[in-house]
Every structure is written in structure tokens, then in C-alpha cells.
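The values are calculated or read from the model by the stated rules, or taken from the named source; none is laboratory data. Keep in mind that what you see is a predicted model, and the values were worked out from it rather than measured. Cβ coordinates were reconstructed from backbone atoms using ideal geometry, including for glycine residues, and neighbour counts include every protein chain displayed. With ligands, DNA and RNA removed, areas are computed over all heavy atoms of the protein, side chains included. Shrake-Rupley method; radii C 1.70, N 1.55, O 1.52, S 1.80 Å.
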Amino acid sequence: MGWTLRPAQVGDFEAVQSLLRTCYLPELFPNQLDEGYIVAEMERELVGVAGVERHGSYGLLRSVAVNPRLRGSGLGAAMVADRVAWTERQGMTSLFLLTMDAERYFVRQGFVRLERDAAPAEIQASSQFMDLCPASAVLMKLVGRLGPD
């Protein structure tokens, strides 16, 4: 293990952007790094990030990125589990995500693939759904957790 998770802070922004670029994920705007985001640190280095954006009663899991040298270590799963628990504490009813190449990974985390038009209007109106992710991105929803839709 060796990492610690903590809430993201404004001072983490540049390191988060660098990690997102390394992982070929869309970068964030400075105001997006809010209470829905966590970072992972190991030996004073930022090695992971994950966040949830609120869209009405729904959450959108974003920016799950792990330093390449730590892939397979369980860090990604730990961050996803942390953000799922946070989403539940916030009272959101469902958690969605969009991915280009991590569908198999997120299936192992409890997500299932959906047709994009099955997304609630609030998720479809998000910048990630409309602009940041291409139309070929896979929509997924967490099953077996959170509340009724």
C-alpha cells in the first residue's frame, strides 16, 4: 500500500493536471477541484486522483487517475470505493461514469454499461458528457449501491 487518501486542495491543482495528462484524461478547470475530489499521496508525491461531480441527485465519477508505476496496486479501487462511499453520504441516488478504455476495470468495481441515451438529463447536460468525452465514450452506472432512482 504506502499511499494515503485525503481531500483535494487548491494547491494540488498543477500536480492533478500533470497526472491527468500522463493518464490521457481530460484536464480539470480550477474550480472543479472541490469537495468531491480526493488525491492519493505517497512519499509526498501526488500519485492518484478521483472525483465525483454532483448533477442533481446523481453523481458523475471523474478523473480516476493512478500514477502508471502504481497500477495494479489497488490504489484505483481504493479511490473508487472512497468516492462511492462519499456519494452515498451525500445522498445521491446513482453514480455514473464515462470511459474510453477502462470499461473492464469499472465492471470489476461494480459498474455496468448503459446506452448513452439512458443517462438522466442532468448527466447528459454535464460538460463531460456534452464536450469533454467523445460520443464513443462508454456510459456506465454503479449497480447494487446508492438509493432508488
Study note, to complete from the structure: Helix 13-22 sits off the longest principal axis of the Cα atoms of the chain, rounded to the nearest 10 on a 0 to 90 degree scale, by 80
**Study point:** Difference of contour (0.36 nm per residue) and Cα-Cα distance, Arg69 to Arg89
**Key:** 4.1 nm
Check your understanding: What chymotrypsin sites (Phe, Trp or Tyr not before Pro) does the stretch 8-82 have in DSSP loop regions with at most 10 other beta carbons within 10 Å?
Key -> Tyr24
Practice item. Keeping the other protein chains in place, figure out the carbon and sulfur percent of the accessible area of the chain, with a 1.4 Å probe. Key: 52
Point to revise | Computed E for Ala125/Thr22 - FRET, C-beta separation, R0 22 angstrom, nearest 0.05 | key: 0.15
**Study point:** Tilt relative to the chain, helix 75-89 - C-alpha long axis, 0 to 90 degrees, to 10
**Key:** 50
Exercise for review: Please give, to one decimal in nm, the separation of the simple spin-label points placed at Glu14 and Glu45, each 7 Å out from Cα toward the Cβ.
Suggested key: 1.8
Check your understanding: Given a 1.4 Å probe and the protein chains all in place, what does the accessible area of Ser73 round to, in Å² to the nearest 10?
Key -> 50
Exercise for review: Treat each spin label as a single point 7 Å out from the Cα along the C-beta direction, and report the Arg6 to Ser136 distance in nm.
Suggested key: 4.0
Exercise for review: Go through Ser94, Gly56, Gly11 and say which Cα lies farthest out towards the positive end of the charge dipole of the stretch 1-120; charges sit on Cβ, +1 for Lys and Arg, -1 for Asp and Glu.
Suggested key: Ser94
Check your understanding: Out of these labelled values of mean projected area of the Cα convex hull in nm², (i) 9.5; (ii) 8.2; (iii) 12.4, which was calculated from the coordinates shown here?
Key -> (ii)
Practice item. Take every Cα pair under 8 Å in the stretch 1-130 that's 6+ residues apart, average their separations, divide by the length, and report that relative contact order as a whole percent. Key: 21
Check your understanding: Tell me, what is the per residue accessible area of the chain in Å², probe radius 1.4 Å?
Key -> 52
Study note, to complete from the structure: Here the stretch 66-74 yields Karplus 3J(HN,Hα) values (6.51, -1.76, 1.60; θ = phi - 60°; whole Hz; Gly and Pro given as x) of 10, 3, x, 6, 10, 5, x, 8, x
Exercise for review: Sort the following peptides by mean Cβ neighbour count (other Cβ atoms within 10 Å, averaged over residues), highest first: 106-116, 92-102.
Suggested key: 92-102, 106-116
